[in-house]
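Every read-out reported here was derived from the displayed coordinates using simple, explicitly stated rules and does not represent laboratory data. Here the structure is a predicted model, which is why all the values come from computation and not from measurement. Note that each Cβ is placed from the backbone with ideal geometry, even for glycine, and that neighbours are counted across all protein chains shown.
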Ligand code: ADP
Ligand code: TYD
């Protein structure tokens, strides 16, 4: 079945500000009449949330970690995201496969080719339509993370070199697909960032039209 909704993902280092903007973006889209599924990775399904607990807190070998990210993603993609897009819903997902390229491929130095194999196997050439990459220097991300955060998970405990590699891998991925990626200078104030996000969301509404959003076409083959 054809996809009719728009698949939007949010990416960036821990502390870049994704979660701060995710709720606002979801409210804005719903206010514009979009029927939206708001979700996250790792997670997004009951099984995916159990896998999330494991990968964030349990020590494991790198390939195991990568496979669990993709196990959670496969469940999420096939049982929730793809059916939603086919029904005409839009999907806003906090992190997706670009995070595997950045964290496992870059940060943990597995490299992009192994991630690409899993991406192809699970997603079969499909993926997000638009990805907002919240880009901040490492020090800014670290400083923000320190404000009001609970105990750090296995990724947040990593050192500066890990996050520099992660950020570089995000940039490399964005350079491969400049049409899909929108780079957000997330050093700016929250209202400034919102102004840019709102303009980008308006573009998406124009590009995807209101047919997919109004609900009137839902149920059509
Ligand atoms: P992420 O989801 O990317 O890990 P969060 O959205 O949780 O990041 O933001 C981390 C912290 O930084 C939060 O305390 C948040 O209020 C703050 N923050 C987010 N964006 C900005 C910004 N543009 N300027 C200043 N502080 C910010
Ligand atoms: P998330 O809950 O988005 O963290 P935060 O809100 O702190 O930004 O993601 C949890 C961690 O999982 C994050 O450190 C990045 C990591 N991660 C990967 O390493 N690979 C992946 O494929 C995904 C989706 C996340």
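Taking every Cα-Cα distance in the chain and sorting them into 10 Å bins from zero, the calculated P(r) comes out as 8, 34, 38, 18, 3, 0 percent. Seen from a random direction on average, the alpha-carbon convex hull of the stretch 79-140 projects onto 5.3 square nanometres. Label-to-label distance, residue 179 versus residue 199, with points set 7 angstrom from Cα along the beta-carbon direction: 2.2 nm. For the stretch 58-172, the pair-distance distribution built from all alpha carbon pairs, in bins 10 Å wide starting at 0, is 12, 40, 35, 13, 0 percent. Counted residue by residue at 0.36 nm each, then reduced by the alpha carbon distance between them, the extension gain from residue 1 to residue 57 reaches 16.4 nm. Label sites at residue 157 and residue 24, each approximated as a point 7 angstrom past Cα along Cα to Cβ, lie 3.3 nm apart.
Under the classification rounded if a/c is under 1.5, otherwise prolate if a/b is larger than b/c and oblate if not, where does the stretch 105-195 fall, given a ≥ b ≥ c as square roots of the Cα gyration tensor eigenvalues? Cα axes put the stretch 105-195 in the oblate bin. Between the stretch 1-70 and the stretch 75-128, the C-alpha centres lie 10 angstrom from each other. Take each peptide in 154-167, 102-115, count the other Cβ atoms within 10 Å of every residue, and average; sorted highest first, the result is 102-115, 154-167.
Sketch the reach of a paramagnetic label on residue 187 as a point 7 Å from Cα along Cα-to-Cβ, and name the residues of the stretch 2-17 whose backbone nitrogen lies under 15 Å away. It comes to 16, nothing else. Exposure proxy ranking for 25, 69, based on other Cβ atoms within 10 angstrom of each Cβ and starting from the fewest, stands as 25, 69.
Distance between the modelled labels on residue 121 and residue 146, one decimal in nanometres: 4.1 nm (7 Å Cα→Cβ projection).
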